[in-house]
Amino acid sequence: MKLTSESKFFLGIIVGTILIVVIAVILLSRPQKPIEKDRLITPATYTSGNKNANVWLVEFSDFECPACKLFAKTIETLINDNKDALLFAHRHYPLPQHLFSVKAAVSAEAAGKQGKFWEMWKELYAAQTLSESSVSAIVKTLGLDEKKFASDSADPSLQALVEQDKQFGVSLGINATPTFFLNGVKLDIGKPDDLKRKVEEALHKN
């Protein structure tokens, strides 16, 4: 059967489309190359758990993000239940629509200067609706030195650290919170139970 020029044209489009789909499927089915641990967890990154654990989870988060608050309880449970087998790391990713998010991140870093980063981490998520007054109340609740906290919060180096986290996240293609990396691989999850399942699967393998 002899093909007309029009038939050849449409056949070429069909073949080309099939090739594009096949290439896309091959590329998407390739396993992600894990990001190195020392890139995702820097010396300045706050971590909880066993630093030598074979399973490590990194979260890019915003303290004013409702979804991040939702995941926080699951993260706490995972850390408490697997203290020797899991390392968790927090990276800052303040979103522009959350007006107090940068200050909240700086507040966590300032609390960290007094050894209470994780206590502030928990309280910031619990409060969620954040302001100068709500953070001041948390500072009192945690028994922090208020003068030192105020001085550290005004230190430009802490805001620079938060911004460095954010820019690193941008370089990884992050555009939403929370975003998780498990053993260097970005997770595609929608709810806390998904995170729990993924981490427990990794723990079981190790």
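Only the coordinates and a few stated rules stand behind these numbers; no lab work does. Since this is a predicted model, take the numbers as computed values, not measurements.
Data overview
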{"read-out": "Shape of region 65-154, Cα gyration tensor, a/c cut at 1.5", "value": "oblate"}
{"read-out": "Residue pairs, from the table LYS140/LYS186; LYS51/LYS122; LYS33/LYS166; LYS69/LYS198; LYS51/LYS113, whose Cα atoms sit over 29 Å apart", "value": "LYS140/LYS186"}
{"read-out": "Whole-Å distance, taken between Cα centres, linking region 85-147 and region 173-206", "value": "23"}
{"read-out": "Rounded, prolate or oblate (a/c below 1.5 giving rounded, otherwise prolate when a/b exceeds b/c) for region 41-205 by Cα gyration tensor", "value": "prolate"}
{"read-out": "Karplus-derived 3J(HN,Hα), 6.51/-1.76/1.60, for each residue of region 50-58, Hz, glycine and proline x", "value": "7, 5, 9, 5, 6, 10, 9, 10, 10"}
